[in-house]
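A.B. asks: First, the structure itself, so that you have it in front of you.
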Amino acid sequence: MTSLSMQHLFEPISFHGITLSNRIVMAPMTRSRAIDSIPNDLMATYYTQRVSAGLIITEGVSPSPNGLGYARIPGIYTDEQIEGWKKTTKSVHQQNGKIFIQFMHVGRIAHPANMPEKSKILAPSAIGAQGQMWTDAQGMQPFPVPIAMSQSDVAETIQEFAQAAENAIRAGFDGVELHGANGYLLEQFLNPYTNTRNDSYGGSIENRCRFVLEVTQAAISRVGKDKVSVRISPFSTFNDMPAYSETVATYDYLSQELNKLNIAYLHVVEYAARATEQGQQLSKTIRSNFKGTLILNGGYTGTKAEEVIASKQADLVSFGTSFIANPDLPYRLQHGIPLAQPDSNTFYTADEKGYTDYPVSEASAYTA
C-alpha cells in the first residue's frame with residue numbers, strides 16, 4: 001500500500017491523451033551506449049528495467065549528424081536508428097510503460113572526433129565554449145569554435161527537428177521532448193552571450209526565443225501538440241553558459257509563448273533557480289504562466305517530490321542519477337527502501353557495467 005506520506009506522488013495523472021500510473025518521471029540522462037549512434041538491445045534492456053516510472057524520457061538523441069557532439073550518442077535520423085529505437089519502445093510498451101524521446105542538438109558543445117564525416121559544428125554565433133570534451137579516438141579535446149548558422153542553416157535545422165519528431169512517432173514513442181536546457185543548441189539561442197546575431201534570431205528577447213518556438217511549432221506541425229514538450233533550465237550555467245541580466249524576462253516570455261502552443265508538458269530544471277530568491281520567484285512565474293502539465297527536476301528526494309506535487313507547484317517530478325543505480329526507484333520510494341548509489345566512473349562507458357547490472361531491491365524482486 002502507498003503510505004499516506006507519498007499518496008500524491010503515486011496518484012495517476014492524465015494529460016493530452018496520455019495516462020501515467022504515477023507522478024515519477026525518469027529524467028533524460030546521457031549514457032553513451034549507442035555504438036555508431038545506433039540504439040541497441042542493451043539500451044532496450046536499460047529502459048525496460050526502469051519501466052515502473054510513470055514516464056520515461058530517453059537520453060538526449062540527435063535529430064541530425066550535426067547534433068552528435070558526444071561519443072556514442074544515439075540519433076534518430078536514419079532508418080537503422082528508427083528500427084533500433086523500436087526495440088526500446090516495443091519492450092517498454094509491452095510492460096505498460098510510457099516513453100518520450102528527448103531531442104538534443106548539442107550545437108557548440110561538440111568535437112569533430114565524435115561526429116560523422118561532412119557534419120558541421122553549428123551554433124547561433126561563432127563563439128567557442130570553454131572546456132574540453134571526451135573523444136574515444138583522441139581522449140580529452142578542447143571545444144572548437146563553431147560555425148555561425150546562416151539563415152539557411154537555421155531553416156534546415158528546424159526541419160531536421162520536425163523530421164525527427166515524425167521519425168520518433170514512427171519508432172513508437174509516445175511523444176518528444178525538445179532539449180532547450182543545459183547549454184545545448186536551443187539554449188544557445190536564448191542566451192545573449194552565446195547568441196550575438198543581428199538578424200531575426202538575435203538581439204531582443206522575442207528574437208532570441210524565436211528559434212525555440214519555431215522548432216516547437218515545426219514539431220507540432222508534424223506530430224501534433226499532444227506529443228511535443230520542452231525542457232528548460234533557467235539560471236543554469238552548465239556548459240559555459242554565462243549568467244545574464246534578462247534571464248527572468250526571457251523565461252517569463254518563453255513560458256507564456258509555450259503555453260499558447262498548448263504543448264504536452266514543460267520540463268523545468270530548477271536546481272540553479274532554487275539558489276536565489278530571484279530564481280525562486282521565476283519558478284513561480286513559470287508555474288503561473290504555463291497552464292499545462294509541469295515537470296520539475298533538480299536533486300529531488302521522494303519526500304520533497306511529494307511536497308511540491310501536494311502543494312501543486314508541479315504535476316510531476318523527474319529523477320536523474322537515482323534511477324541509474326535503482327531501476328526500481330518508484331518501489332523504493334514508496335516503501336522507504338534505502339537507495340543504492342551509482343558508480344560515476346561508469347556513467348559514460350560503452351558496455352553493460354554500471355548500466356544494466358544494477359539489481360532491484362530484494363523486496364521489489366519478491367513482489368515482481
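A.B. asks: Post the alpha-carbon centroid distance, the stretch 61-100 to the stretch 134-160, in whole angstrom.
C.D. replies: The stretch 61-100 and the stretch 134-160 have Cα centres spaced 20 Å from each other.
A.B. asks: Mind listing the phi-derived Karplus ³J(HN,Hα) values for the stretch 342-353, rounded to whole Hz, using 6.51, -1.76 and 1.60 with θ = phi - 60°, and x for any glycine or proline?
C.D. replies: Taking θ as phi minus 60°, the curve returns x, 8, 5, 5, 10, 4, 10, 7, 9, 10, 6, 5 Hz for the stretch 342-353.
A.B. asks: Antiparallel versus total DSSP beta bridges in the chain: what percent is that, nearest 5?
C.D. replies: If we restrict to bridges inside the chain, about 20 percent are antiparallel.
A.B. asks: What does the accessible area per residue of the chain come to in Å², with a 1.4 Å probe and no ligands, DNA or RNA counted?
C.D. replies: I get 40 Å² per residue for the chain.
A.B. asks: Applying the Karplus parametrisation 6.51 cos²θ - 1.76 cosθ + 1.60 with θ = phi - 60° to the phi angles of the stretch 106-114, what ³J(HN,Hα) value in whole Hz is obtained for each residue in order, glycine and proline being reported as x?
C.D. replies: 7, x, 7, 8, 7, 8, x, 5, 9
A.B. asks: Once you keep just the Cα pairs under 8 angstrom separated by 6 or more residues, what percentage relative contact order results for the chain?
C.D. replies: Relative contact order of the chain: 17 percent.
A.B. asks: Per residue of the stretch 195-203, in order, report the coupling 6.51 cos²θ - 1.76 cosθ + 1.60 (Karplus, θ = phi - 60°) as ³J(HN,Hα) in whole Hz, putting x for Gly and Pro.
C.D. replies: 10, 10, 5, 10, 9, 6, 10, x, x
A.B. asks: Return the inverse of the average 1/r over all pairs of distinct C-alpha atoms in the chain, which is the Kirkwood hydrodynamic radius, in Å to one decimal.
C.D. replies: Taking the inverse mean of 1/r over all distinct Cα pairs, the chain comes out at 20.6 Å.
A.B. asks: Using a 1.4 Å probe over the heavy atoms of the protein chains, calculate the carbon and sulfur portion of the accessible area of the stretch 162-257 as a whole percent.
C.D. replies: 45 percent
A.B. asks: What's the carbon and sulfur percent of the stretch 1-108's accessible surface, probe 1.4 angstrom, rounded to a whole number?
C.D. replies: Of all accessible area on the stretch 1-108, carbon and sulfur atoms account for 50 percent.
A.B. asks: Using 22 Å as the Cα-Cα cut-off, could you pick out the over-long pairs in LYS90/LYS118; LYS260/LYS284; LYS120/LYS260; LYS227/LYS291?
C.D. replies: LYS90/LYS118; LYS120/LYS260, as the Cα separations exceed 22 Å there.
The values are calculated or read from the model by the stated rules, or taken from the named source; none is laboratory data. As the structure is a computational prediction, the values presented were derived from the model and not from experiment. The protein model used for the area step is the full one, side chains on, heavy atoms only, and it has no ligands, DNA or RNA in it. Shrake-Rupley method; radii C 1.70, N 1.55, O 1.52, S 1.80 Å.
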